[in-house]
Every structure is written in structure tokens, then in C-alpha cells.
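Trainee: The structure is given below, and queries will be raised subsequently.
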Amino acid sequence: MECLFCDLVSKKKPSHIVYEDDSAVAMLDIFPRSQGHTIVVPKVHAETILDLPDDQVGPLFLAVKKMTQILKNKLNPDGFTIGINHGKVSGQAIDHLHIHIIPRFKGDNGGSIHTIVDNPSGMSLEEVEEKIIS
Ligand SMILES: [Zn+2]
């Protein structure tokens, strides 16, 4: 199976790895949206978080925490946006789960996660809640 991120994680292809542990690799995004824009990639191939084995979820998010701390210490941003593009419709370009850590700086003119999409269903919160929990 051809997978760019599997090749980067296994170092078959070069990348800018800035953190690595037993479960995950963090590398600089090649199309950075801010200084230090990093992606954290699980070493096992999983297309989305729903495909990631349960025992890998915790270690992956621990790697996200550690990488965020490193970026805070080294680059001193004012905040972060941390997120996953899950599925083509959301903008997932590589079919291997990766979590973006985007350092945010005062005055960077970026928006919050709420600016990504504005498509409420028209249903009440109670109707949506019932749909989810029933
Ligand atoms: Zn892969």
C-alpha cells in the first residue's frame, strides 16, 4: 500500500521530524500556516481516528501534548489551534490520520475553529441531542 505518511514515518522519504516516540512522529507541515505548524502522525497506518486502534489513541494525544509544550517553549506563541481534518469533505489530503498543531500569534488574522464552517442544520439543539443519544 502506498502511503506518503507511512513513508515519512518510516523515514523512507525525508521530512522535518521535530519529535518522535514509540507511537508517533511529529514533523513540520510542508505548507505551514504559521511558524512551527506541525503535524503529529501515528506510526501505525490509520486513515482516521475511527480507524486507529483504541490503545493508540492515548499515546497519540500524549504526543500532541508533548509537541505542543515543545512549540510553546521554543517558539513562544500566544496560543494554538489544534485540529484534525477528518475525511475529504473537511480537507483531509492524505489518507493517514494526522493532527495539526498550528501556533497562533497575536495579530495573525486567523480565525477560531468556529470560522471553518457555518452550516447549522436548522434543527433545535434538543432535536439534534435526541438524534444523537436515542
Ligand atoms: Zn499510512
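Throughout, read-outs are computed from the coordinates displayed, never taken from laboratory work. For clarity, every value in this text was computed on a predicted model and none was experimentally measured. Ideal geometry is used to build each Cβ from the backbone, glycine not excepted, and the neighbour counts take in all protein chains shown.
Trainee: List the trypsin sites (Lys or Arg not before Pro) within the range 5-79 that fall in a DSSP loop (any state other than H, G, I, E or B) and whose Cβ has at most 15 other Cβ atoms within 10 Å.
Mentor: In loop regions of the range 5-79 (DSSP not H, G, I, E or B), the sparsely surrounded trypsin sites (Lys or Arg not before Pro) are 11, 12, 33.
Trainee: Taking the simple approach of a point 7 Å from Cα along Cα-to-Cβ for both residue 116 and residue 44, what is their distance in nm?
Mentor: Roughly 2.4 nm, to one decimal.
Trainee: Can you tell me the orientation of helix 54-75 relative to the chain, as the angle in degrees between its alpha-carbon axis and the longest Cα principal axis, to the nearest 10?
Mentor: 70
Trainee: If you plug each phi of the range 94-107 into the Karplus form 6.51 cos²θ - 1.76 cosθ + 1.60 with θ = phi - 60°, what whole-Hz ³J(HN,Hα) values come out, in order, with x for Gly and Pro?
Mentor: Here the 3J(HN,Hα) series is 10, 7, 9, 2, 8, 10, 7, 10, 10, x, 10, 10, 3, x Hz.
Trainee: If we count every other residue with Cβ under 9 angstrom of residue 63's Cβ, Lys/Arg +1 and Asp/Glu -1, where does the sum land?
Mentor: Value of the local net charge: 0.
Trainee: Taking amide H atoms as placed 1.01 Å from N in the peptide plane, list the residues 5 or more away in sequence, or in a different chain, whose amide H sits under 5 Å from that of residue 80.
Mentor: Sorted by chain and number, the residues that satisfy this are 104.
Trainee: Okay, moving on. Which whole-number percent of Cα pairs in the chain have a distance greater than 19 Å?
Mentor: Roughly 56 percent, rounded to a whole number.
Trainee: Could you give me the ³J(HN,Hα) list for the range 128-134, computed from phi with Karplus coefficients 6.51, -1.76, 1.60 and θ = phi - 60°, whole Hz, x at Gly and Pro?
Mentor: 5, 4, 4, 4, 7, 8, 6
Trainee: Starting from the amide H of residue 24, placed 1.01 Å from N in the peptide plane, find each other amide H under 5 Å away whose residue is 5 or more places distant or on another chain.
Mentor: Result for residue 24 returns 43.
Trainee: Hey, another quick one. Which of the residue pairs 12/65; 106/131; 11/106; 43/72 have a Cα-Cα distance greater than 31 Å in the structure shown?
Mentor: In this structure, 106/131; 11/106 exceed 31 Å between Cα atoms.
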